[in-house]
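So the structure is just underneath, and the comments pick up after that.
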Amino acid sequence: MTDQLLVEQKSDALYVTFNRAAQRNAMSWEMYQGLQAACERADAEDSVRVMVLRGAGGTAFVAGTDIAQFKGFTGQDGIEYEQRISAILGRLAAVRVPVIAAIEGFCIGGGLGIAAVADLRIADRGAKFGVPIARTLGNCLSASTLSVLVSLVGRARATDLLMTARLMSADEALASGFVTTVSDDVDAEVEALVRRLGSSAPLTLWATKEAMRRIYAGSTVDDEDIVSLVYGSEDFANAVTAFTSKRKPVWQGR
């Protein structure tokens, strides 16, 4: 397991920590693979009753995918990337035990997707949520990832977040239904919830989350042409270079 992702079992809870605090816990490919492996561990070990996701450092849960990994991307690379992300998020959603996202600071882009497929989301009052790609990279979400966001906050709010590239406050995230609890002490709130879930009937919890997963799975949308066009565009390639060079991107629409 990479040291960028820490996995530790405490009592009956499996804690997964995104451990790149200096990069606001931006996800590397190794971290995504480690997250998938943690899902397998949670399902394989009978002693695990709850899974907790959190970010190191206190300033971010996960601030997206590490942008340096997008250099040289083609449209086909974009399709394969979005398929990989959808598969990993799908695996996280299918974990048999309840999954809690403990959110402090920024929960952005890929981080929002990870939090969205958790079952319960607890945020501190300074947390910020969004997908500001319309002003950063000019890429897109796959239809499957977008559908998860829509199922939580609704079509109108999801469209607003993506098109305006604004960030939601913790209070707005709570009002929208994305966050289940806002707390001044996230750690204490998480520990109380871990104890509550750990003492509940495991099969009832599993049946509830599995039925929810199936209800909201919906039908598959063929969006490869959309993803390929966006990730294969000059705008995306130039924005990746601009972002890593700390410059503002210039959009050409091609």
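Only the coordinates and a few stated rules stand behind these numbers; no lab work does. Remember, predicted model here, so these are calculated numbers, not experimental data. Methodologically, a virtual Cβ is constructed for each residue, glycine included, from the backbone with ideal geometry; neighbour enumeration extends over all protein chains shown.
In the chain, the inverse of the mean reciprocal separation of distinct Cα atoms equals 18.5 Å; this is its Kirkwood hydrodynamic radius. Once you reduce segment 9-35 and segment 175-254 to the center of their Cα atoms, the two points are 15 Å from each other. Remark: segment 72-124 projects, on average over all directions, an area of 4.2 nm² (convex hull of Cα atoms). The GluC sites (Glu not before Pro) of segment 159-202 include none that meets both criteria, a DSSP state outside H, G, I, E and B (loop) and at most 12 other C-beta atoms within 10 angstrom of the site's C-beta. Build a GNM of the chain with springs between Cα atoms under 10 Å apart, and of THR208, THR65, THR74 the one that fluctuates most is THR208. Treating the angle as unsigned and between 0 and 90°, give the value, to the nearest 10°, between the Cα long axis of helix 202-217 and the longest Cα principal axis of the chain. It works out to around 20 degrees. Could I get the Rg over Rh figure for segment 150-254? Both from C-alpha atoms, Rh via Kirkwood, rounded to two places. When Rh is taken as the Kirkwood radius, the ratio is 1.10.
Would you mind checking LYS10/LYS209; LYS10/LYS128; LYS209/LYS246; LYS128/LYS246 for any pair whose Cα atoms are more than 30 angstrom apart?
On the way: LYS10/LYS209 23 Å; LYS10/LYS128 28 Å; LYS209/LYS246 42 Å; LYS128/LYS246 22 Å.
Too far apart for the 30 Å limit: LYS209/LYS246.
The angle between the Cα long axis of helix 186-198 and the main principal axis of the chain comes to about 50°, on a 0 to 90 degree scale.
Label separation (GLU40 vs ARG155): 3.9 nm, computed from points 7 Å beyond Cα along the C-beta direction.
Which shape class applies to segment 1-106: rounded if a/c is under 1.5, otherwise prolate when a/b exceeds b/c and oblate if not, where a ≥ b ≥ c are the square roots of the Cα gyration tensor eigenvalues?
Since a/c reaches 1.5 but b/c is at least a/b, the shape of segment 1-106 is classed as oblate.
Rounded to the nearest 20 debye, the dipole size of segment 5-185 about its Cα centre is 400 debye, using +1 on the Cβ of Lys and Arg and -1 on the Cβ of Asp and Glu.
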